[in-house]
Each structure stands twice: as structure tokens, then as C-alpha cells.
Amino acid sequence: MYAVKQVYSPFKPELTFRRSTPASRTWKHGIFWQTRVPSGSKVICTPGSIRAVISNGDKALEQPNKEADNKEVNRTVVSSTSDKLGRGGIDVKAVITIRKKMKEKINEKIEDQWEYFINGIGRGISIQLISEEIDPETNSGKSVRAFVRGWLPKPSNNEHIFEYAADFTVPFDFGNPGAILVSNLHGKEVYLMEIVVHGFDEGPIYFPANTWIHSCKDNPDDRIIFKNQAYLPSQTPPGIKDLRREDLLSLRGNGKGKRKPHDRIYDYALYNDLGNPDKDEELARPALGCEKWPYPRRCRTGRSPTKKDPNCETRVEKPHPVYVPRDETFEEIKQNTFSTGRLKALLHNLIPAISATLSSSDIPFTCFSDIDKLYNDGFVLKSDELNEIAQNPFLGNLMKQVLSVGERLLKYETPIVIKRDRFAWLRDSEFARQTLAGVNPVNIEILKEFPILSKLDPAVYGPPESALTKRLIEQELNGMSVEKATEENRLFILDHHDMLLPFMEKMNSLPGRKAYASRTVFFHDRANMLRPIAIELSLPPSPSSPGEKRVYTHGHDATTHWIWKLAKAHVCSNDAGVHQLVNHWLRTHACMETYIIATHRQLSAMHPIYKLLHPHMRYTLEINAIARQSLINGGGIIETCFSPGKYSMEISSAAYQNMWRFDMEALPADLVRRGMAVEDPSMPCGVRLVIEDYPYASDGLLIWSAIKEHVESYVDHFYSEPNFVKSDIELQAWWDEIKNKGHFDKRSEPWWPKLNTKEDLSGILATIIWIASGQHAAINFGQYPFGGRLRAE
């Protein structure tokens, strides 16, 4: 019998004619071998079954050992009533791409040689093709299994990437494969990049993986890899429906036990691992995610509780890693980049701490010129810190190092703003510009009511003081009255008063801290220049004081001039804390973690929305885990360097409770809420900016528009019918879990968007993607140019 069959090489596809004959198989050295026999020859085989094998051409091998054959039949025999072995089949080849580490230790290189040998004899990695069609005997997808094989894998252009192959003979009525089960028989995990199956009529079938495949010693379950095809749940081919459900269940876990490094389980937990009461009572911190301290949920690790506080989870300190699902960990390149950035941040942003920890002399900064020397003359390093920096090969482009026999200096990279104007940080124009284009351009809002006048306590100031303050302010308005400036939308405010005032007493009780709740008023003049005109600094009432408020304006004498600059320094300090704890960490990291967990738990890897969101979710869980370990933890970087100190995360929790709303996270909605834009249907994004020269908003709206347009087109493609969104069981479960589990403490809020239509879905997705991309970029990547020098000073 002859049949036309496509034979694809993994490197050069070609179409050939080849005789297809019945095949017999022999068991040798733990492997089933295949031999071609003439048509009409008798083949002894279990009826209704086919064995997947490693093809060895047409070379005849020794006869099978029946006892061994029967012993291994469950591993290699796959039911298929539609296939009779005597009818032959289609030869297909699967090419498996595996990536090795870029940096391997000697023992790992030795293990690689053993891995090559094991793969060479076909006992290293087993793969099973699962058809999209149902096998009526098993009521599941038809399947065939084989081992990858190759004594020496053919290298690709990348020296760290290797390719192996597995050969199958599948029935003619097998259909197209929709999934592959991968079993790793090695003693360690392997990184699978992709599998490409050649030989089917539709051409090469691509199965993207980019995942770590655990060893069977750690977990006996096969890994499921789906082909590169998006399906809504209702459109899933029948042969892989069960695998779709099974894969999601494996990612959810059961909520019990401590997570292991190889696990891929996504689940929820409170922020109860920030403190370390077992080490020191001063490091005890409240659990966030309760009625008193509401907060989004984090990824569960399942560590045991602390001895002194059963509500807190024990911590994992460096250098040991905090658990995140295996595929959420950094790849080697990202790890090197992140480590470099982290060291850079430590060296540049922690200038006050550097003098005590890195310098050979413990002399503190005595004036601003001492800080200038860090950039101009360099900084003397201790030998141990010097070794840590010198051993990092990625720091060359990030820091200037000047090393000599007599002195060992680190010269800091000067921020661009300072290169242009050494005293920019002192100027009112730069102070105002940063509210629109600095590292925290998301808090300025329009001023409709003048709080510095309307909210002054008459018992403290009285009418004359208010009138005097008003006259001083109006001098800054170029003769314009406060009422007129307000009416023309020329007054704006940076208001950190209500958020911080409840914490002032706690903050000021900390050693070496002095803080005030602040309001800053800006005037946008007719020359389109924004400048600060008044700053209010406040302290809360106490048993011995009714409260204190002071309003500062520009002065013309030296004393008033420097008091004004000191008031600006307090505003900058508050703004830096709000930026880091609320706008950066809470809004773009902590809240994003809930979307990521829900996406993996409820949306299959085949779901089109999963495929849309996945590129925006990479590495966030790992970054957040590292942040809990050394950034936002008790005694960590944030508490050490920002005014709120040990109460930092309590402020973040209060901000979540009082101001965070998902429906206000979309850029146009946020701008309208702050009065920085007004609704205008004639504009591309439906809003018109009140201040045209607002770089964050004007650039951000371009990005928002591109995201929204792409998302709407994508959603229209996959949800072609009006009822598809509402009937998508995975999608509805995803949105329900975000609201009711990820944001449990806000689950009853009335402002959560509905998810009934394509428009609803497009708005939700655009918001999430904006938060992960444009919004995070705007408030993250300016941290060194603005935080490394301007904020420090």
C-alpha cells in the first residue's frame, strides 16, 4: 500500500512520497523500536492500539520480548479505535527546543553530559501528542507518546539553545494535535522553549512553552502545553476540553501546605509577612488585608506562622528566595539587569545611609557641597563593597569607577537635570514642573475651593490672619483676585494633607523625624507658566495643643526666602513618600498582583484574554516578592529612607481604603477626577487638558489611545457575538475573582465596572494594560534622575 505523506525536517521542510506499510516494534534496552515489514506480513499487536516509538528508519531489529512488552504497554500504548495498525499511519516529527543556563557550574556541565546520554537512549523526556478529536473508546483526546532522542542535539545559532527530536507514527484519522503532555524523567528541571510538530497536512504546528518543566521526582504529573491557537471556552476542541480544565485546576492548588520552588500554584494571602516579631519586637508589623488595614491580596507562600504572632507569617531573608510560581521567576538576563538596577538604586538613592555604611570615614554630610562631591570628586569605598561592585560585569555603563592604588573611588552619574542646571532643584520653576513631568506627576489637581483660607481654624488664626494671608497670596497672582483665578481654572493644588495628617503624631514620635501634612497651591499664569504661591504645613490637634497650621509664601528677605525653601523641602519629602507608597507600589505593583493571580487561576493559556495580558504580567510577582523581602518590610529601605518610617505601609493601606478605585485608574477618568481635563467628545480620547503643557497627560493619552484601540480591535475579533462576553465562563470567573478575592476588602463597592458587553471588557483590559505599561513607566523610570539627587537634597 502506498500513500502520499509529508515528511518535515525540523530544519528544512520538504514534501516526499514514501511507502507507508504496517510496522512492527521491538523492545530493546527499554525502548520500543520500529521496523517496516512488507505489506501483507503478519504483525502481532493488541487490537485497536498503536504504539508511539522512536523511528529508526527501515532497519530491522530483533524480535520483541513479550514479557517486557506487556510490562511497558501502559507507558507506550494509546487507544485509538479508528486506527488499525495493519493500515499503517502518518509519520510525524516533533522538534523540542530546550535552553540551557548561560552560566553553569562545573557540576552542572557534568550533569549536562549525563543528560545528553539519557536523551540519546530515549529515556530523558517523554512527550505525548493529544488530538483535538475524541477517541470514542476513552472519551478523551486521541493520543500517542514517544521519547525525545538524540545522542548529540543539533545546536541552533544560540550556543545555549539545543534541539531534540521525537518521531511518531499516528493513525490517518488522528486529526490535528491540540496539546502535548511533557514528562521530564531527568533529576532536575529543564527549560522548554517550544515544540514544533511537523508532518500534518496543515503544516508545522507550533506549541509555545517558555516554561520550566519540573522533574518527575518533584511532581509525577505531566505538564500540559497547548498549541498556539486561541479558543474561548465554548470553542475548545472536544479532545482537549478536559486538559483545559485540568491545567487550570493544577494552577489553583488547594490552598494548603508550603509552596515548593518547583510549584506553579497561584493563590491568595494577606500581607502578613512584612514584620519579623521573632527577631525583634520593633520589627513587628500589622497584617494588611483586614477590616482595620484593608489591602489587595498577594501570592500565597504557605510558610509557617511566627512564634510570637500567629497572624504573621515567618519571613525568608536574603539570600534565600521568596516563593513565586516557577515561571514568574527572573530569567538570567532579567536577573542580572535587576540586580544591577537594585545595586544602583542602593548606591544612588540611599545617600544618607552611604556615609555610614560604605565610607571609610563616618563623617556625615555637613552641607550641600558634600553631596556635590559625590558626583564631582567621587566617594571612597570600603574594600568589601568595592569587591561586590567590581565583580558585577554589568555596572560598566551605569556607574563611573575611578580606581587607583592609593584611592578607591566611585563617582556617581550626574542626573541630566543637574547637568543642565546645577541649582535646578532649588528653583520654584523646577519644583512646579515636577508636578507635571517629574517622577510623581499624578497628584496635582485643580483647585475649586481655596483650602488654605476656607479651612483655617478661626481659633488659631482669626479673620485678620486669613485676610492677611489672602492679600499675600494675591500679590503672587499678578494682581488677580483669588476668586478670579479660581474661576479661570488657574489655581492648582498638591494636597497631601488629609492622607498624612492622621499619621503625623506617630511619624513625629520616631527618632530623628519631623514632618507636617502639606498643601501646596500653584498658579498657572497667562504665560502658561506654573509656579508655587503658597504652602500650608499642618500638625494635628493633641491633648496639649488644638492643632497647628502655618501658611508660607515667597518672601523678599533672606530669612523668609530660606524658610520658603524649607517648606518646599517638606512638600518634597511628603510627595516622595506618597509617590513610592501609593502611586508606585500600591497602584502599579500590589494591585497588579491581584490581576496576575486571577488571570492564571481562571483564564486558560488558550484563552485570548490570557494571551493579551500575559506579556504585561512578566516578572511582576518576582519583583513584588523581592520588595516584601527588602523594600517595604519592617526595617527595610522604604522605612529607612522615607518620613513615615515604620508606619509607611499603614499609610499605603489608608490610601487604598480612602482613595483607590478601579474605575478611576484609567487615564482619562483619573484626569477628569482631578480636574486636569474636561470631557470633550471632539478630542481623540474624549477629554481636553486644562493645562496643555502637561507632559505626563499629553504623552500618556497618546499611549492610552493606542492601548484602547488595540484592545477594542482584539476584543471585537474574538467576541464577534453580543452574548459571547456574558457567556464566557472563564472570563466571568476571572472578573469575579479579582473583585471578591483579589480585592476582598473592597468587594462590596458600587463602583466596580460591570462585565456584560464588549465595551465593558475593553475598558477593563485597557485599564489593566495601562497600569502595567504606561502608568508604571511614568512613575518608575524617573526615579534615578529625580530621586537620585533632587529628592535626596
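Which one of these is at pLDDT 75 or above and exposed (fewer than 13 other Cβ atoms within 10 Å of the Cβ): 74, 139?
139
Determine if region 608-617 includes at least one residue that is over 30 Å from residue 505 (Cα atoms) and more than 18 Å from the chain's Cα centre (by Cα).
The initial filter retains those residues of region 608-617 that are over 30 Å from residue 505 (Cα atoms), namely 608-617.
Now drop any that are not more than 18 Å from the chain's Cα centre (by Cα), which leaves 608.
Yes, that holds for at least one residue.
Regarding region 700-722, can at least one residue be identified that is among the basic types (Lys, Arg), at pLDDT 95 or above and within 22 Å of residue 590 (Cα to Cα)?
Scanning region 700-722, I find no residue that is among the basic types (Lys, Arg), at pLDDT 95 or above and within 22 Å of residue 590 (Cα to Cα), so the answer is no.
Which pairs do you get when a residue that is open to solvent by 10 Å² or more (accessible area, probe 1.4 Å), found in region 518-535, comes within reach of a residue that is among the basic types (Lys, Arg), reach meaning Cβ atoms under 6 angstrom, with the pair 6+ apart or on two chains?
524/490
Of the residues 318, 307, only one is touching a helix residue (DSSP H, G or I) at 6+ places or on another chain (Cβ under 7 Å), surrounded by fewer than 14 Cβ atoms within 10 Å (Cβ to Cβ) and part of a loop (DSSP other than H, G, I, E, B); which?
After applying the criteria, what remains is 318.
Name the residues in region 697-716 that are more than 25 Å from residue 233 (Cα to Cα) and open to solvent by 50 Å² or more (accessible area, probe 1.4 Å), would you?
699, 702, 703, 706
Just to be sure before I move on: is residue 578 under 26 Å from residue 328 (Cα atoms), modelled with pLDDT of 95 or more and touching a helix residue (DSSP H, G or I) at 6+ places or on another chain (Cβ under 8 Å) in the structure I sent?
On the way: under 26 Å from residue 328 (Cα atoms): no; modelled with pLDDT of 95 or more: yes; touching a helix residue (DSSP H, G or I) at 6+ places or on another chain (Cβ under 8 Å): yes.
It is false that residue 578 is under 26 Å from residue 328 (Cα atoms), modelled with pLDDT of 95 or more and touching a helix residue (DSSP H, G or I) at 6+ places or on another chain (Cβ under 8 Å).
Would you check which residues across region 220-260 are in a loop (DSSP other than H, G, I, E, B), closer than 30 Å to residue 175 by Cα and more than 23 Å from the chain's Cα centre (by Cα) and list them?
Selection gives 220, 221, 222, 227, 229, 231, 232, 236, 237.
Could you list all residues from region 201-213 that are more than 16 Å from residue 327 (Cβ to Cβ) and modelled with pLDDT of 95 or more? Let's see the steps before the verdict.
So the first thing to find is which residues in region 201-213 are more than 16 Å from residue 327 (Cβ to Cβ), and the list is 201-206.
204, 205, 206, listed by residue number.
Scanning region 537-563 for residues that are under 15 Å from residue 519 (Cβ atoms) and not hydroxyl-bearing (Ser, Thr, Tyr), which turns out most open to solvent (accessible area, probe 1.4 Å)? Lay out the reasoning, then the answer.
Step one: list which residues in region 537-563 are under 15 Å from residue 519 (Cβ atoms), which gives 537-540, 547-553.
In the following step, the residues that additionally are not hydroxyl-bearing (Ser, Thr, Tyr) were identified as 537, 539-540, 547-551.
Numbers: 537: 12, 539: 34, 540: 32, 547: 14, 548: 77, 549: 39, 550: 104, 551: 36 Å².
Top of the filtered list is 550.
From the list 505, 593, which residue is open to solvent by 50 Å² or more (accessible area, probe 1.4 Å), assigned to a helix (DSSP H, G or I) and more than 19 Å from residue 435 (Cβ to Cβ)?
505
Take region 665-696 and flag every residue that is touching a residue at least 60 places away in the same chain (Cβ under 8 Å) and open to solvent by less than 70 Å² (accessible area, probe 1.4 Å).
665, 666, 667, 670, 674, 675, 676, 690, 691, 694, 695, 696
Any residue at all in region 335-355 that is more than 22 Å from residue 596 (Cβ to Cβ) and modelled with pLDDT of 55 or more?
yes
List pairs: first residue in region 154-175 and at pLDDT below 90, second residue of a type in the set (Gly, Ala, Ser) and not in a loop (DSSP other than H, G, I, E, B) anywhere in the structure, Cβ distance under 6 angstrom, at least six positions apart or on different chains.
Listed pairs, sorted by first residue: 164/150.
Might you let me know whether region 113-124 holds any residue that is part of a strand (DSSP E or B) and either under 22 Å from residue 241 (Cα atoms) or acidic (Asp, Glu) (or both)?
Within region 113-124, none of the residues are part of a strand (DSSP E or B) and either under 22 Å from residue 241 (Cα atoms) or acidic (Asp, Glu) (or both).
Go through region 231-256 and give me each residue that's surrounded by 18 or more Cβ atoms within 10 Å (Cβ to Cβ) and of a type in the set (A, V, I, L, M, F, W, C).
232, 240, 243, 248, 251, listed by residue number.
I want to confirm something. Restricting to region 136-149 and keeping residues that are in contact with a strand residue (DSSP E or B) (Cβ under 9 Å, 6 or more places away or on another chain) and free of Cβ contacts under 8 Å to residues at least 60 places away in the same chain, which single residue is nearest to residue 115 (Cα to Cα)?
148
Go through the residues of region 717-728 one by one and say whether even a single one is in a helix (DSSP H, G or I), surrounded by fewer than 18 Cβ atoms within 10 Å (Cβ to Cβ) and touching an Asp or Glu at 6+ places or on another chain (Cβ under 8 Å).
Checked region 717-728: no residue is in a helix (DSSP H, G or I), surrounded by fewer than 18 Cβ atoms within 10 Å (Cβ to Cβ) and touching an Asp or Glu at 6+ places or on another chain (Cβ under 8 Å).
Could you grab me the full set of residues in region 284-296 that are open to solvent by 40 Å² or more (accessible area, probe 1.4 Å) and touching a residue at least 40 places away in the same chain (Cβ under 8 Å)?
Of everything in region 284-296, those that are open to solvent by 40 Å² or more (accessible area, probe 1.4 Å) and touching a residue at least 40 places away in the same chain (Cβ under 8 Å) turn out to be 284, 286, 290, 291.
When you look at residue 263, is it part of a helix (DSSP H, G or I), at pLDDT 95 or above and not hydroxyl-bearing (Ser, Thr, Tyr), yes or no?
no
The values are calculated or read from the model by the stated rules, or taken from the named source; none is laboratory data. As the structure is a computational prediction, the values presented were derived from the model and not from experiment. Cβ: placed from backbone, ideal geometry, glycine included. Neighbour counts: every protein chain shown. Surface areas here come from the heavy atoms of the whole protein model, side chains and all, with no ligands, DNA or RNA. Shrake-Rupley method; radii C 1.70, N 1.55, O 1.52, S 1.80 Å.
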